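The values are calculated or read from the model by the stated rules, or taken from the named source; none is laboratory data. The structure displayed is predicted, hence computed values, not measured ones. No Cβ is skipped: glycine too gets one built from the backbone with ideal geometry, and neighbour counts run over all protein chains shown. SASA here: full protein model, heavy atoms, side chains in, ligands and nucleic acids out. Shrake-Rupley method; radii C 1.70, N 1.55, O 1.52, S 1.80 Å.
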Amino acid sequence: MKNAPLLNFALALFIALVLGWLIVIGRPILLPIVTAIIAVYVMTSASNALHRQPVLRHLNLSILRFLLLSVFAAAVVTLAVMTAATVREIGAVAPVYEENLDGLLEGIAAQFELDRQALWDEIRAVTIGSFDLRQVFLGLLGGFTNVGAAVFLVVIYSAFLMSERAGFEQKVTAAFSTPEQSEKVMEIVREVNLKISDYLAVKTLINVILGVVSFVLLWAHGTDFALFWAVVIGLLNYIPYVGSIIGVFFPVVLSFAQFGSLPQTLSLAVFLTATQVIVGNVVEPRFIGRQINLSPLVVLIALSVWTALWGIPGAILAVPMTSMMAIVLGSFQSTRFLSVLLAERTSEQT
């Protein structure tokens, strides 16, 4: 048929639109499931690495994974509680921050004798007087509080996924009529497991180190809510390119509101930015390398799409989900060209 390519394109476009619609309306159901799957990848890779250590190799792998699951559940619940408490505390101290900013602006106005001019009233009206600092930051932090709302489901899904992981291969073998089909599926699953697990495990370790260093810097500068902002910086570093910028933006802006001191805020900004630059340009390329073969343009588009669909959680999960999709597309001859278009390097370049 001459119109077969056009019909195939129209069908693919229709399926993409339907899937996009289902992803949007199914967010409350799908987001905890996807988050749990990503978490299981990290815990499985971490448990395998720990099981290779001399002391822990004698411990049963299932027990080790259960211990990691318990640690994960405690960490997620603690994060949810800490987020809710910190957002309330920021709301409580926001008026003090606004007074500090107001005092700083008045000092600048007095130094340059602007307070006697009508222009100063206009400048003040369009700056400090035009927004509510409390509402601004509560709105920006809303994405983190929404993550905490699905904590219980994420932990439950993770527990069941970990428990059923061992029997997955038997289920795949029984589900397909021929050994070739089941082996093809398991080959795809193994490739996804290898690349995504290694990437997420190393990325998580780097983000933990980044969070610890950021906490030391924030604490040394006397910044309020240092532990919370360090956790935020670590989480946002999962987002390529823009995550590190956003992670530094939050504590630096609130530091300026807290102290009303430009030198102290600049010092904090310089140290946090230097840490991000070292991690992003030296540490990550060395340890992560080429595990995720995605074009930078594809990564940016994936970030835009998943952020629009699922907000901050979607931005954090964008790279692993897009990488999984690229691996699956590359496993079939009819869709391999799509995987090549998504990749940064073709097989001839590797």
Can you confirm whether segment 218-233 contains a residue that is touching a residue at least 60 places away in the same chain (Cβ under 8 Å), aromatic (Phe, Trp, Tyr) and either within 26 Å of residue 302 (Cα to Cα) or in contact with a His (Cβ under 7 Å, 6 or more places away or on another chain) (or both)? no
What about residue 83, is it open to solvent by 50 Å² or more (accessible area, probe 1.4 Å), within 20 Å of residue 229 (Cα to Cα) and either within 19 Å of the chain's Cα centre (by Cα) or not small (Gly, Ala, Ser) (or both)? no
Yes or no: segment 67-86 includes at least one residue that is at pLDDT below 80, over 21 Å from residue 317 (Cβ atoms) and not in a helix (DSSP H, G or I). no
Pair list, Cβ under 6 Å, 6 or more apart: segment 175-189 residue more than 14 Å from residue 332 (Cβ to Cβ), other residue of a type in the set (A, V, I, L, M, F, W, C) and open to solvent by 70 Å² or more (accessible area, probe 1.4 Å): 182/176
Quick one: residue 303 ticks every box in (1) in a loop (DSSP other than H, G, I, E, B); (2) crowded, with 20+ Cβ neighbours inside 10 Å bar one, so which box is it? (1)
Quick one: residue 113 ticks every box in (1) in a helix (DSSP H, G or I); (2) at pLDDT below 75; (3) not polar (S, T, N, Q) except a single one, so which number is it? (1)
